[in-house]
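Below is one structure, written out as structure tokens; comments come after it.
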Amino acid sequence: MVRWSTMDFDTVAGELYGGDLAEFVSARNAAAKAAKAEGDAELAAKIRELRKPTTAAAIVNRLAREDAGPLRELAELGDELRDAHTRLAGDELRALTRRRGELVRRISHELPSMSDSVAREVEATLEAVAADPDTAALALAGRLTSVAHQDTDQWFTLAASVPPATGKRPKKLVDKAEPAKPKRDHRREEEERARARAERDRLRKEAADRAKDRAVAERDLVRTERAAEQATARVEDLRERLAEAEARAERATAEFEQAKETYEQADAAAEEARKAADAAR
């Protein structure tokens, strides 16, 4: 059990997110109770609002504490990806996207063995670190609670598109000056660009649909998690009341036994006195 010697929010949050996941709720409630006992109701309320991290988030938080280097590299790669996307640097973006996938896989493979579902969630969390600076900051601080809402691939789709035409005809075609062939090439290029746009739109729609599904799933997760935490807190409260009631029952039983013994002694003394009085007659 954690002993809360220093009751400030950052210290408490750091110890909670760096502690045993199975003890998070009980440790959080104990910290909030200690803060309230010290007269800091505002701090107690802030502590109670701290969400228990998912298993995947806890794994990434532990990685940040044990070796933050890979997470920092992933966050920096995210900055490079955003810059490449802003500049519409297709080749660079494709190369960075490949690096992101390789880095996520390398980090995942170096983690302890885990179930397939947790492994997928860990990979999604790592991708979110590359996608969002706020998520990266939380990960590096070791205070992630769950997978981020945003679609991590929303700005990686440029790699699937064809670079825009420059409007210049290839030198070879200019030299040959064959009007019919450039027209056919022009139509083919337009068709390719149309297919690329359609594919890009399809990928964006698919990414948006996945983002919606993820958001719905995470809302359900948060709702059920909060319900579970409230139920756990209620159980702990009932256990405390039961322990107090059992202690009172034990005291009452002991007092009853003592009173019973005193009564029996007094009754025996009275019986002896009665017998003595009868004998004296």
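What follows draws every value from the coordinates through simple rules; no lab data is involved. All figures in this text were calculated on a predicted structure; none of them were measured in a lab. Here Cβ is always computed from backbone atoms with ideal geometry, including for glycine, and neighbour counts include all displayed protein chains.
For the pair Gln230 and Ala249, label points projected 7 Å from Cα toward Cβ lie 2.9 nm apart. Straight-line reach from Lys33: which aspartates and glutamates have a Cα under 12 Å away, not including same-chain ones fewer than 8 places off? Cα-Cα hits under 12 Å: Glu42, Asp237.
Note: relative contact order over region 2-136, using C-alpha pairs below 8 Å and six or more positions apart, is 23 percent.
Partners of Lys46 within straight-line reach, counting aspartates and glutamates whose Cα lies under 14 Å from its Cα and excluding those fewer than 8 residues away in the same chain: Asp8, Asp10. Mean projected area of the Cα convex hull of region 95-148, taken over all directions, amounts to 3.8 nm². Residues whose amide H comes within less than 5 Å of that of Ser146, counting only those at least five positions distant or on another chain, are Thr54 (H built at 1.01 Å from N in the peptide plane). On the beta carbon distance between Lys33 and Thr262, with R0 = 45 Å, the FRET formula returns roughly 0.65.
For region 68-138, the relative contact order comes to 45 percent (Cα pairs under 8 Å, sequence separation of at least 6). Under the simplified labelling scheme, the Arg202-Ala273 pair shows an inter-label distance of 10.6 nm, with each label point 7 Å from Cα along Cα→Cβ. Annotation for Lys46 and Asp220: the two label points, set 7 Å from Cα along the Cα-Cβ direction, are 3.5 nm apart. The listed peptides 219-230, 257-268, ordered by packing as a protection proxy, come out as 219-230, 257-268 (highest mean of other Cβ atoms within 10 Å first).
Where the centroid of each part is defined by its Cα atoms, how far is region 233-281 from region 41-90 in Å? Rounded to whole Å, the Cα centres lie 62 Å apart.
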